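**Student:** Shown below is the structure under consideration.
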Amino acid sequence: MQAETNEIPPRQSASDEGKYVYCIIRSADKRDFGTIGIGGEKPVYTVHHKDLAAVVSDTPIRIYDPTRENVLAHEFVNETVMKDHTVIPMSFGTIFRTGDDIVELLKSTYRALEDVLQKMKDKIEFGLKVLWDRNRVIAHLEEQDEEIRRLKQEIEAGGQSSTYFARMQLGRLVEGALEEAANQYVLDIHESLKPVAVASRTNKPIGDRMILNGAYLVDRSHEEDFDRVVKQLSQKYEDVLSFKYTGPWPPYNFVNIKLRLERADA
């Protein structure tokens, strides 16, 4: 789900003060979340329109580099706010010139934001990365696949005289079997988590060992159920797969508000 706006605030000088926006929440009451803002410990507070509020901190208008420190600061504010609120997380580096500009955003996208907040009510995100031990998977395949086992034994028995064709054939069989095995592992994981997740999204795996880079949207009431199923899957495949489980997070992969801010030197 994606709510998007392309409003561009007026140009400003680099010395102007602006408002860094972390997320949108439903709240008619002003909130102060403490001095946890990006760019140093800045007070984090709310800017309101009706029952919607943007969670912001004051900042010079600048382009924030996505360094580890900056990204963690952005995420920490959202994680703090989500303890008590359903949040629509904003893209990293979203800055408005004034509080009035933020109010205009809330006004112009009020219905869309209200709809997203309703759909995301009491929803949280978990990340799940699954990596495999390729050598152990191949060993399992050799035990289970008669053709792979036969070709390997033939090549080992032939030594240096084993044919190039036999080695190529074995390589193709192993790669095909690995792809099928990876698909089956991922399918089983998705099917097992489906009853305890509202939605899922698969991102591109990172590196050769990763077979699943998934994000799961979970109702808070099913958090323990989701955690239980992940642990069961981890135990089921402990000899060949390792599970990297993170969260809860705001629903970054399921809601994304993108705003274009004109650079000061544009």
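The values are calculated or read from the model by the stated rules, or taken from the named source; none is laboratory data. In this text the structure is predicted, and so the values were computed from the model without any measurement. In this analysis, Cβ positions are derived from the backbone assuming ideal geometry, glycine residues included, and neighbour counts consider all displayed protein chains.
**Student:** What pairs can you find where one residue is in the stretch 51-62 and hydroxyl-bearing (Ser, Thr, Tyr), the other is at pLDDT 95 or above, and their Cβ atoms are less than 6 Å apart, with a gap of 6+ or different chains?
**Tutor:** Sorted first by the residue in the stretch 51-62, then by its partner, the pairs are SER57/TYR20; SER57/VAL44; THR59/TYR20.
**Student:** Sticking with this structure for a sec: Of the residues GLY171, GLY158, GLY99, which single one is modelled with pLDDT of 75 or more and either under 32 Å from the mean Cα position of the chain (by Cα) or not hydroxyl-bearing (Ser, Thr, Tyr) (or both)?
**Tutor:** That would be GLY99, the only listed residue that is modelled with pLDDT of 75 or more and either under 32 Å from the mean Cα position of the chain (by Cα) or not hydroxyl-bearing (Ser, Thr, Tyr) (or both).
**Student:** Additional query: What is the residue count in the stretch 204-227 for residues that are in contact with a helix residue (DSSP H, G or I) (Cβ under 8 Å, 6 or more places away or on another chain) and free of Cβ contacts under 8 Å to residues at least 24 places away in the same chain?
**Tutor:** Qualifying residue count for the region: 0.
**Student:** Every residue in the stretch 211-245 that is among the polar types (S, T, N, Q) and under 11 Å from ALA197 (Cα atoms), please.
**Tutor:** SER221 - this is the single residue of the stretch 211-245 that is among the polar types (S, T, N, Q) and under 11 Å from ALA197 (Cα atoms).
**Student:** Of the conditions (1) at pLDDT below 95; (2) charged (D, E, K, R); (3) under 24 Å from ILE124 (Cβ atoms), GLU179 clears all except one; give me its number.
**Tutor:** Result: GLU179 fails condition (3) only.
**Student:** Among the residues of the stretch 127-146, is there at least one that is in contact with a Pro (Cβ under 7 Å, 6 or more places away or on another chain), farther than 24 Å from LYS204 by Cβ, surrounded by fewer than 19 Cβ atoms within 10 Å (Cβ to Cβ) and not aliphatic (A, V, I, L, M)?
**Tutor:** Scanning the stretch 127-146, I find no residue that is in contact with a Pro (Cβ under 7 Å, 6 or more places away or on another chain), farther than 24 Å from LYS204 by Cβ, surrounded by fewer than 19 Cβ atoms within 10 Å (Cβ to Cβ) and not aliphatic (A, V, I, L, M), so the answer is no.
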